[in-house]
Structures are given as C-alpha cells and as structure tokens.
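Here is the structure we will look at.
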Amino acid sequence: MRLLKATTFLAALLLAAADLSAQTRGNFENSWFWGAKAGINTLRTNTGGTSSVPTYGLDWLITRKQGGLYVSADESFFGKTVTEPDTKSPNGTRLIKINNMRRVDFAGVVFPRTYGPLRPYAGVGAALALLGTSVAQLDSLGGAPSQSFNDQVDKQSSRASILFMAGAQFQRKRTAFFVQETVLPGAGDFLVRSALSFFEVGVRYNFGSSIEGSR
C-alpha cells in the first residue's frame, strides 16, 4: 500500500512538472519580453580602488526556441575622481571628476537547457558605455586644462566593448524573474580603465509572440 501511494505521488509530481514545463515553454518560445532590472556595478579607478555602485535599467528579450536577442539600457550612479597625464600641469597629472555611467548592451543569447521553469543562459555581444559628466579640474597652481586636454577627456569619456553575460531565468506563466552577470573587459582608452562587472536581478513579462500570426 505504501509503495502504491509513493508511486501515485511520484507520478502526480512528474505530470505536474511536465505540465508546468509545457506551459513555460509555450510562454517562452518566439516571444517578446520587456523587463526592469537593478543591481551593482563593480569598478575600479586609478585614485580610489575598487567600489560597487548602484545601477538601474530596462531590458528587452526576443526569444526563439533555444536562443534570442538581448538589448538593454541602464545607468550607474556615482561620483568619483580619476587622474590623467598632463604635461602642462605642475606635477604631470590632472584630476578629472566623473559622474554616473550610461550603458547600452546588444547580445545574442543561448538557452542550452531547461529545468522545468528554470532556464540558464549565456550571451556574447557589444556594449556602449558613456560617462554622464567628465570635467578636468584646475591644477595645484590654479591653472586651467588646455583645450587639447579637454578634447582628450571627451574622447576618453565613452567606449565600445565586447561583453560576456551569464544568467538564469525562472518563469511562471508570462512572468519571469532573472539574475545575471555581465562583464566588460578593461580598456586603456576609457577614463575608467578597469573591467566593469554588473550583477543584476529583475523581472520580465512576455507581451506576446515575436512571430506575426502565431498565438
């Protein structure tokens, strides 16, 4: 009798899991997801070491069966200083105040396996990062930066980079919760030269089919 009850219970669990998996699959494939996210941007400057700052944004995911296209936009909030070489400054360097960072990501993503409502994923793509403001300061003798130095600061206030992403999405009907990590390698031509690591959590909602005429 116990064996019969255990077998019946196991069969019910398997049927429920299969039904949930089918529902999740139907609400995932060939879909448009819009989402909101928040997290931490970990970065390092040449004057203050490593720090973690808040970041918030929106994302957009178009899915197929085991892959998709990912686009997002977000902003990190901080106020820091960095130094850059300046031959016209008394000590050979000049402080630059930087504030906030806006970022746009484009990536192709793959969902290699499904574990019921859970879908791990990975992606590779490109990112555009732009500092909100970057202002060169007066030197120790009160001297203003030259125009050529300001031009160089403007040039180093934005960057394009490859990105790597890994995460997991847990979906229930049309709503999905996700956690992900995005990494941009360091760049010598950006005022924040370190690698940038974004750990984010958020929620996405399936607004419908990405294929005309389906569903």
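The values are calculated or read from the model by the stated rules, or taken from the named source; none is laboratory data. Computed from a predicted structure; not experimentally measured. Cβ: placed from backbone, ideal geometry, glycine included. Neighbour counts: every protein chain shown.
From the list GLY79, GLY68, the lone residue that is modelled with pLDDT of 95 or more and surrounded by fewer than 13 Cβ atoms within 10 Å (Cβ to Cβ) is GLY79. When the stretch 169-194 is limited to residues that are of a type in the set (A, V, I, L, M, F, W, C) and under 13 Å from the mean Cα position of the chain (by Cα), the one that is nearest to GLY132 (Cα to Cα) turns out to be LEU184.
The strands (runs of 3 or more DSSP E) falling completely within the stretch 99-215 that include 2 or more residues that are without any contact (Cβ under 8 Å) to a residue 40 or more places away in the chain and not basic (Lys, Arg) map to 118-136, 158-172, 175-184.
I'm trying to understand the selection: among the residues of the stretch 44-70, which are of a type in the set (Phe, Trp, Tyr) and either out of contact with any strand residue (DSSP E or B) (no Cβ under 9 Å at 6 or more places or on another chain) or under 25 Å from ASN30 (Cβ atoms) (or both)? Hits for the stretch 44-70 are TRP60, TYR70.
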